[in-house]
Amino acid sequence: MKNCSELKRNIILCVVALSIPFMLALDGIQARRYSSVESEIEQLVRYQTELIENNKNLITGISVLSSADRIEELASTQLNMRLAETNEIIRVEMNHLGGDR
(Lines give C-alpha, C1' and ligand atoms only; values in the text may rest on other atoms or scores of the structure.)
Protein backbone atom coordinates (compact mmCIF):
# COMPACT_ATOMS: atom_id res chain seq x y z
CA MET A 1 0.00 0.00 0.00
CA LYS A 2 2.77 2.38 0.94
CA ASN A 3 4.52 1.47 -2.28
CA CYS A 4 1.41 2.31 -4.35
CA SER A 5 0.88 5.72 -2.75
CA GLU A 6 4.58 6.51 -3.15
CA LEU A 7 4.34 5.55 -6.83
CA LYS A 8 1.35 7.86 -7.31
CA ARG A 9 3.23 10.69 -5.60
CA ASN A 10 6.24 10.15 -7.84
CA ILE A 11 4.06 10.12 -10.97
CA ILE A 12 2.40 13.37 -9.92
CA LEU A 13 5.80 14.96 -9.25
CA CYS A 14 7.04 13.85 -12.67
CA VAL A 15 3.96 15.26 -14.40
CA VAL A 16 4.36 18.57 -12.56
CA ALA A 17 8.08 18.67 -13.35
CA LEU A 18 7.46 17.93 -17.03
CA SER A 19 4.65 20.50 -17.26
CA ILE A 20 6.92 23.39 -16.19
CA PRO A 21 8.95 23.47 -19.44
CA PHE A 22 5.72 23.05 -21.39
CA MET A 23 4.18 26.05 -19.60
CA LEU A 24 7.35 28.09 -20.22
CA ALA A 25 7.19 27.24 -23.92
CA LEU A 26 3.53 28.29 -24.05
CA ASP A 27 4.45 31.54 -22.30
CA GLY A 28 7.13 32.21 -24.92
CA ILE A 29 4.71 31.55 -27.78
CA GLN A 30 2.13 33.84 -26.20
CA ALA A 31 4.74 36.59 -25.69
CA ARG A 32 5.75 36.37 -29.37
CA ARG A 33 2.11 36.59 -30.48
CA TYR A 34 1.53 39.57 -28.18
CA SER A 35 4.58 41.33 -29.59
CA SER A 36 3.38 40.69 -33.14
CA VAL A 37 -0.10 42.06 -32.39
CA GLU A 38 1.37 45.08 -30.60
CA SER A 39 3.57 45.83 -33.62
CA GLU A 40 0.57 45.56 -35.95
CA ILE A 41 -1.42 47.94 -33.73
CA GLU A 42 1.41 50.51 -33.80
CA GLN A 43 1.53 50.25 -37.60
CA LEU A 44 -2.25 50.75 -37.85
CA VAL A 45 -2.09 53.78 -35.53
CA ARG A 46 0.62 55.33 -37.74
CA TYR A 47 -1.51 54.63 -40.84
CA GLN A 48 -4.57 56.15 -39.16
CA THR A 49 -2.55 59.27 -38.28
CA GLU A 50 -1.43 59.57 -41.92
CA LEU A 51 -5.04 59.25 -43.11
CA ILE A 52 -6.20 61.92 -40.66
CA GLU A 53 -3.46 64.32 -41.80
CA ASN A 54 -4.27 63.61 -45.46
CA ASN A 55 -7.96 64.23 -44.75
CA LYS A 56 -7.14 67.57 -43.08
CA ASN A 57 -5.10 68.59 -46.12
CA LEU A 58 -7.93 67.63 -48.47
CA ILE A 59 -10.46 69.60 -46.42
CA THR A 60 -8.15 72.62 -46.51
CA GLY A 61 -7.81 72.22 -50.27
CA ILE A 62 -11.58 72.06 -50.69
CA SER A 63 -11.98 75.21 -48.61
CA VAL A 64 -9.43 77.06 -50.74
CA LEU A 65 -10.81 75.84 -54.05
CA SER A 66 -14.44 76.55 -53.19
CA SER A 67 -13.98 80.05 -51.80
CA ALA A 68 -16.26 82.66 -53.37
CA ASP A 69 -13.33 84.96 -54.19
CA ARG A 70 -11.53 82.22 -56.11
CA ILE A 71 -14.64 81.22 -58.03
CA GLU A 72 -15.35 84.84 -58.95
CA GLU A 73 -11.73 85.27 -60.08
CA LEU A 74 -11.91 82.16 -62.30
CA ALA A 75 -15.28 83.18 -63.73
CA SER A 76 -14.04 86.63 -64.72
CA THR A 77 -10.53 85.74 -65.95
CA GLN A 78 -10.90 82.31 -67.53
CA LEU A 79 -14.57 82.22 -68.50
CA ASN A 80 -15.02 85.91 -69.32
CA MET A 81 -18.04 86.11 -67.05
CA ARG A 82 -19.23 89.20 -65.19
CA LEU A 83 -21.81 90.06 -62.57
CA ALA A 84 -25.25 90.62 -64.07
CA GLU A 85 -26.71 94.10 -64.00
CA THR A 86 -30.01 94.58 -62.20
CA ASN A 87 -31.91 95.09 -65.46
CA GLU A 88 -30.49 91.79 -66.84
CA ILE A 89 -31.97 89.67 -64.06
CA ILE A 90 -35.22 87.89 -64.90
CA ARG A 91 -37.32 86.37 -62.13
CA VAL A 92 -39.46 83.38 -63.01
CA GLU A 93 -42.30 82.24 -60.77
CA MET A 94 -43.42 78.64 -60.91
CA ASN A 95 -47.01 77.86 -60.01
CA HIS A 96 -47.63 74.36 -58.85
CA LEU A 97 -49.99 72.57 -61.24
CA GLY A 98 -52.31 69.76 -60.23
CA GLY A 99 -53.37 70.91 -56.77
CA ASP A 100 -51.79 70.37 -53.38
CA ARG A 101 -49.75 67.31 -52.71
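The values are calculated or read from the model by the stated rules, or taken from the named source; none is laboratory data. As the structure is a prediction and not an experimental result, all values here were calculated from the model. All Cβ positions, even for glycine, are placed from backbone atoms using ideal geometry, and neighbour counts span all protein chains on display. Ligands, DNA and RNA are excluded from the accessible area calculation, which covers all protein heavy atoms including side chains. Shrake-Rupley method; radii C 1.70, N 1.55, O 1.52, S 1.80 Å.
Computed over protein heavy atoms with a 1.4 Å probe, the carbon and sulfur contribution to the accessible area of the stretch 1-97 reaches 61%.
Rolling a 1.4 Å probe across all protein chains gives T49 an accessible area of roughly 70 Å². Full extension of the chain between R82 and M23 gives 13.1 nm of extra length, using 0.36 nm per residue less the Cα-Cα distance. Each Lys and Arg Cβ is given +1 and each Asp and Glu Cβ -1; about its Cα centre, the chain then shows a dipole of about 1120 debye.
Of the listed residues Y34, Y47, the order by accessible area with a 1.4 Å probe, largest first, is Y34, Y47. Length gained on full extension, N3 to I89: 19.6 nm, using 0.36 nm per residue less the C-alpha separation. Were the residues from S36 through V64 laid out at 0.36 nm apart, the gain over their Cα-Cα distance would be 5.8 nm.
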